[in-house]
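Only the coordinates and a few stated rules stand behind these numbers; no lab work does. Just so we're clear, the structure is a prediction, and the values are computed from it rather than from any experiment. With ideal geometry, Cβ positions are generated from the backbone for all residues, glycine too; neighbour counts draw on all protein chains shown.
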Amino acid sequence: MAHDLAAAFALDALDDDEADEFEQHLAICPDCEDELARLRVAAVALAFAGELAVPPPRLRERVLDVGAPVIPLRRRRRPQLVAAVAVVAAAVIAIAVRPWDDGGSLGGMKRFTAQGARATLLVDRSGEAVLAVRRLPPPPAGKAYEIWVIAGGKATPAGWVRSSFAPLARPVPPGASVAVSIEPAAGSPQPTGALVLRAETT
Amino acid sequence: MSNVTDFVRGDTRAQGSPRNDLGHLSDEALLALVSRGDDAALGQLYDRYGRIAYGLALRIVRDRALAEDAVQEGFLAVWRSAGTFRAEHGKPSTWILTLVHRRAVDLVRREERRRADPIDEVAQHDPAGSEATDEEAWLRAQRQVVQEALRKLPPDQREAIELAYYGGFTQSELAERLGQPLGTIKSRMFAGLRRLRELLAEAGLEVDAP
């Protein structure tokens, strides 16, 4: 009989074996699930009965930091990558002298100079990539700059160039190339318009 | 086309600086964002419940460093399992504080740090001179309601649930400690929580019945 464990479970007053037993029971007993929800309301009210304590400010940072190891790669990496590109590009624009070397390594990211419009592609080890584009004129009316990842002879849409820095919507596999073409603003499944730039990652 | 400064500013925001727009979202909406990996939403939930969580953890583990660990681990659990939260089983705040409580109890059991008498040891250390914000006033009012409800409980029921919730004792440990059969302890905890819930509802405290 696990029914009579609901109150103790709500108070976290079961040992590990008892808690396991009750959790298994919960899965098959909707009555206990409802009862537990009601008892928890009372149990959690106890949290509000104590004196107010002021946590140290660093606790907020710790709480937010705990996300780091488990944040999905897509979310976490890209802002850092973009930030790195922004910093690098800002420096380059400021100095505006030294051309970048193709295939050089920069903080673990490889960079490739595009042909056509002035642009640099940065790709990290996992294939996440950002395109840094300089002095691209606004697209014609009703058109947009669409990015393509081309691998194995197949072009796949990978987002849009709407600012100086465009994170790619999909990873760039080794040896693939990245291109930008002028497409209808709604997008195309395949490149149809004029090629603006192309960067090979070989 | 935006310039570098615009972009860097936008990016800073994406990395989790306070976003004022989150302040208007419900707890449920914030949890939904957290389940999609939005750390700024996690920060907003911390801003709402971090103080209560820390106060609770501190009361259980009675050690500031351990209390921080409990809060951090509790919010990590929130982060990892936000997708499993089910609104029909209660409020997000209940869920969050339940996760923090569990971590604090785990820690205090591991550390063998137990308060001999949690009832008498309620430290009267209100942060002196802290500004009386609306939130603070609300928390104080809520605390009064809960404390008063606790005072109205039969003493043996109150003792059982306080030792369990704040002391981290298991029901078997309580039976031994109080010299009562396990069944008696179970009944006291059950009757105590039920009565407490009624008292809170009578006092007009928002109770979310599923």
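Please list, in chain and number order, the residues 5+ apart from A:Arg118 or on another chain whose amide H is under 5 Å from its amide H, with Hs placed from the backbone.
So A:Arg118 has HN proximity to A:Arg134.
In whole Hz, what ³J(HN,Hα) sequence does region A:29-38 give by Karplus (6.51, -1.76, 1.60; θ = phi - 60°), x for Gly and Pro?
Result, rounded to whole Hz: 10, x, 4, 5, 4, 5, 4, 4, 4, 5.
If the chain between B:Arg194 and B:Asp106 were fully stretched, how many nm would it gain, using 0.36 nm times the residue separation less the Cα-Cα distance?
So the extension gain works out to 29.2 nm.
Quick one: order A:His3, B:His24 by neighbouring beta-carbon count within 10 Å, fewest to most.
If I rank by nearby Cβ atoms, fewest first, I get B:His24, A:His3.
Ranking B:Ser26, A:Ser164 by Cβ neighbours within 10 Å, fewest first, what do you get?
B:Ser26, A:Ser164
Enter the mean number of other protein chain beta carbons within 10 Å of the beta carbon of each residue in A:33-40, as an integer.
Mean shielding count: 6.
Work out from phi, with θ = phi - 60° and the Karplus expression 6.51 cos²θ - 1.76 cosθ + 1.60, the ³J(HN,Hα) of each residue of region A:40-54, listed in order in whole Hz, and give x for Gly and Pro.
Karplus values, whole Hz, x for Gly and Pro: 5, 4, 6, 4, 5, 4, 4, 5, 8, 8, x, 5, 6, 10, 9.
Give the average, rounded to an integer, of partner chain Cβ atoms located within 10 angstrom of each Cβ in B:158-171.
5
What FRET efficiency do you get for A:Asp16 and B:Asp21 if R0 is 45 Å and r is their Cβ-Cβ distance, rounded to the nearest 0.05?
With R0 = 45 Å, the Cβ-Cβ based efficiency is 0.60.
Hey, fewest Cβ within 10 Å first, where do B:Phe75, B:Phe85 land in order?
Fewest to most other Cβ atoms nearby, the residues stand as B:Phe85, B:Phe75.
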